[in-house]
Amino acid sequence: MIFFQNPRALDDRAVSDSVRYLDRHTKKVVVLSDYLGNVDRYGKLLENLGVNQAPAIVVIGRSGKASLVEGYVDGP
């Protein structure tokens, strides 16, 4: 998964805490974090998802298919 964030935003900070927890407590998921401004660097990997707000989490399956969750999400 890739977590795109704006570290100055309060929602992003809350999601960042959850992302760090996931990273520390699972070995089955590779967790990466980056700034929203760097989303263009991911090219074809993310071109069809339309990541345009933070916080945003991109989950990439073993098959290479990616899905997007944008905004603050409360709960599991």
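The values are calculated or read from the model by the stated rules, or taken from the named source; none is laboratory data. What you see is a predicted model; the values in this text were computed from it and never measured. Cβ coordinates were reconstructed from backbone atoms using ideal geometry, including for glycine residues, and neighbour counts include every protein chain displayed. Ligands, DNA and RNA are excluded from the accessible area calculation, which covers all protein heavy atoms including side chains. Shrake-Rupley method; radii C 1.70, N 1.55, O 1.52, S 1.80 Å.
Summary of values
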read-out: Per residue Cα convex hull volume in Å³ - calculated over the chain; value: 88
read-out: Solvent-accessible area, 1.4 Å probe, carbon plus sulfur percent, for the chain; value: 49
read-out: Around VAL19: net Lys/Arg minus Asp/Glu count, Cβ-Cβ under 13 Å; value: -2
read-out: Residue-normalised accessible area of the chain, expressed per residue, 1.4 Å probe, Å²; value: 74
read-out: Relative contact order (%) - the chain, alpha-carbon pairs under 8 angstrom, separation at least six; value: 38
read-out: Distance in nm between pseudo-label sites at ARG20 and ARG62 (7 Å out along the Cβ direction from Cα); value: 3.1
read-out: Signed unit charges on C-beta, dipole axis of the chain, positive-most listed residue ILE57, HIS25, PRO7; value: HIS25
read-out: Surface accessible to a 1.4 Å probe, ASP23 within the full protein complex, Å²; value: 80
read-out: Electrostatic dipole magnitude of the chain [Cβ: Lys, Arg +1; Asp, Glu -1; Cα centre; debye, to 20]; value: 400
read-out: Accessible heavy-atom area order of VAL69, VAL31, highest first, probe of 1.4 Å; value: VAL69, VAL31
read-out: In the chain, the chymotrypsin sites (Phe, Trp or Tyr not before Pro) that fall in loop regions by DSSP, at most 14 other Cβ within 10 Å; value: TYR72
